[in-house]
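The values are calculated or read from the model by the stated rules, or taken from the named source; none is laboratory data. All values reported here derive from a predicted model rather than from experimental measurement. All Cβ positions, even for glycine, are placed from backbone atoms using ideal geometry, and neighbour counts span all protein chains on display.
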Amino acid sequence: MSEASIGIGLIGCGTVGSGVITLLGEMREAYAQRLGRSLELRRVLVRNTTTPRDAVVPANLMTDDPETFFGDPDIDIVVEVAGGLDPVGGFVERALAAGKHVVTANKSLLAARGVELFALARKHDVCIAFEASCGGGIPILQALKFGLAANRVDALYGILNGTCNYILSQMSDHGAEYDAALTDAKAKGFAEADPTLDVTGADAAQKLAILASLAFGVAVNADDVSCQGIDEIEIEDIHYGVELGYAIKLLAIAERQDEGYVLRVHPCFVHMDEPLSQVRDAFNAVSVFGHAVGHSMFYGHGAGQMPTASAVVSDILNVAAGWYPQAFKSMAIWPDQHEPSQMVDPDDVNNRYYLRIAARDVPGVMAKVAKIIGDLGISISAILQHESDEDSGFVPLIITTHDAREGSVRQAAEALAQSDVVAGRPACLRIIELPTG
Ligand code: NDP
Ligand code: HSE
């Protein structure tokens, strides 16, 4: 890097990229003062140079030609905020191989190819900074890598997808329809270019793979995370949850067990007394349980233009200052340095559950339902049934369980679905019980 200035090459100028350019412009003097050198935007690579941008970008910096971008000798740090695997993975490889540090917000790429890319960076004596890939503006990676370095992390529970949290909040707090809330989240710049990644839980699974790798010091990829999204949540379950004292949240969960790790993303009931239940709109939060520190919670804007730009530009500053590349070399905490981990089958783990059953409104049904559940060794904690004016012949029956093996609860749901006293498949949600810490 030059003595006078640090050259930035930006790949992508959409929601996040425009925020990065805005921040580099408005804080130019302050950053120069903090670093003792200025940060200079040298090139911006996009697909289409004529698309209108949220930020003011000098026309001579814009290019749609990767050769022009990579041919610029004055770029020291490549900032990748384009997204996706292909061709962007190739751009990141090319930057690293050319000896440029990389700052990226691309969780898809890191969850799929992180180990290989970190090793490539090491080979070329450069680093990858990736704070914006998880939790938007929350410095959660910084906390796991450095701030909590003294700990053995035992568990982590995160609301990691702003789009899903926004949709769930709109549905539960404002009575919004699912489709309208998703359209709104897209318009606000929270959603991925392909929003099915958000609502199916895949985006949160990618982030969890990155977080779990750092938290536990093991190699993880997104396929290790069992995943269920919010696209099948029914409004009745949100309402019953409120009646029982719970909010539905899409949680990303990483738990250390004696035999290995459980990594999963799924909607679940969080008790209203838990701080995670109060995280609304596009906010994210991560509860980390460390053996020495106990419970630490990190909260902030999990998506959107300026919060994400905050994480990206902070990475640029930390790389430019030189301490982050040094830590990349001197601390064995990075994904390419971890051994593969043993995953525990979620079916073998005990949790509490909520079941909503459409039960036939005739004598003896409760006994039959209780027998199916009891025969699988599941103990019922509470049962709720309201009087109904409807004449459909079926009534909603809500059952919560004590701790039960997940595989058995699945079997019970299947047996209930097959039974002649139940219509359709029961809705089944985990009731989360956070460690005390
Ligand atoms: P956008 O879709 O808004 O912007 C993507 C940008 O990348 C566009 O400018 C696009 O160019 C450019 N681009 C895409 N493919 C190529 C390519 N092959 N060659 C050159 N340029 C390309 O996405 P976001 O800004 O929302 O997201 C960017 C990244 O940040 C993603 O990895 C996302 O997961 C991540 N992220 C996003 C957050 C958010 O809140 N939006 C939060 C945290 C992370 P053009 O404009 O010409 O089409
Ligand atoms: N689409 C993502 C979300 C962006 O909604 O959380 C932040 O990573």
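Checking the structure you have, find out if any residue of segment 210-227 is under 17 Å from the mean Cα position of the chain (by Cα), over 22 Å from ALA112 (Cα atoms), within 16 Å of ligand 2 (Cβ to nearest atom) and buried (at least 23 other Cβ atoms within 10 Å of the Cβ). Break it down into steps so the answer makes sense when it comes.
Let us first name the residues in segment 210-227 that are under 17 Å from the mean Cα position of the chain (by Cα), namely 210-216, 220-227.
Within this subset, residues satisfying the condition of being over 22 Å from ALA112 (Cα atoms) are none.
No, segment 210-227 contains no residue that is under 17 Å from the mean Cα position of the chain (by Cα), over 22 Å from ALA112 (Cα atoms), within 16 Å of ligand 2 (Cβ to nearest atom) and buried (at least 23 other Cβ atoms within 10 Å of the Cβ).
Taking VAL153 as the residue in question, decide whether it is more than 16 Å from ligand 1 (Cβ to nearest atom), among the β-branched types (Val, Ile, Thr) and either assigned by TED's automatic domain parsing to the domain that holds ALA204 or surrounded by 20 or more Cβ atoms within 10 Å (Cβ to Cβ) (or both).
Values: more than 16 Å from ligand 1 (Cβ to nearest atom): yes; among the β-branched types (Val, Ile, Thr): yes; either assigned by TED's automatic domain parsing to the domain that holds ALA204 or surrounded by 20 or more Cβ atoms within 10 Å (Cβ to Cβ) (or both): yes.
Yes; evaluated as a whole, the condition is true for this residue.
Could you list, ordered by first residue, the pairs with Cβ atoms under 7 Å in which the first is in segment 133-157 and away from ligand 2 (no atom under 16 Å from the Cβ) and the second is among the small types (Gly, Ala, Ser) and in a loop (DSSP other than H, G, I, E, B), at least 6 apart or interchain?
Filtered contacts from segment 133-157: ALA150/ALA292; ASN151/ALA292.
Counting only residues that are farther than 27 Å from ALA132 by Cα and assigned to a loop (DSSP other than H, G, I, E, B), which one in segment 172-201 is nearest to ligand 2 (Cβ to nearest atom)?
ALA176
PRO73: modelled with pLDDT under 95 and over 25 Å from the mean Cα position of the chain (by Cα), yes or no? Write out each step before concluding.
Values: modelled with pLDDT under 95: no; over 25 Å from the mean Cα position of the chain (by Cα): yes.
Against the criterion (modelled with pLDDT under 95 and over 25 Å from the mean Cα position of the chain (by Cα)), PRO73 does not qualify.
Quick one: how many residues across segment 57-71 are more than 9 Å from ligand 1 (Cβ to nearest atom) and either exposed (fewer than 15 other Cβ atoms within 10 Å of the Cβ) or within 17 Å of ALA105 (Cβ to Cβ) (or both)?
Residues meeting the conditions: 7.
Among the residues of segment 87-118, which ones are outside any helix (DSSP H, G or I) and near ligand 1 (Cβ under 8 Å from one of its atoms)? Let's see the steps before the verdict.
Of the residues in segment 87-118, the ones outside any helix (DSSP H, G or I) are 87, 98-106.
PRO87, THR104, ALA105, ASN106, listed by residue number.
Going by the conditions given, is ARG356 among the basic types (Lys, Arg), in contact with a helix residue (DSSP H, G or I) (Cβ under 9 Å, 6 or more places away or on another chain), in the same structural domain as GLN418 (by TED's automatic domain parsing) and crowded, with 16+ Cβ neighbours inside 10 Å?
On the way: among the basic types (Lys, Arg): yes; in contact with a helix residue (DSSP H, G or I) (Cβ under 9 Å, 6 or more places away or on another chain): yes; in the same structural domain as GLN418 (by TED's automatic domain parsing): yes; crowded, with 16+ Cβ neighbours inside 10 Å: yes.
Judged against the criteria, ARG356 is a match.
Kindly provide the set of residues from segment 337-390 that are farther than 24 Å from ILE233 by Cβ, over 26 Å from the mean Cα position of the chain (by Cα) and of a type in the set (Asp, Glu), ordered by number.
Passing the criteria: ASP361, ASP375, GLU387, ASP389.
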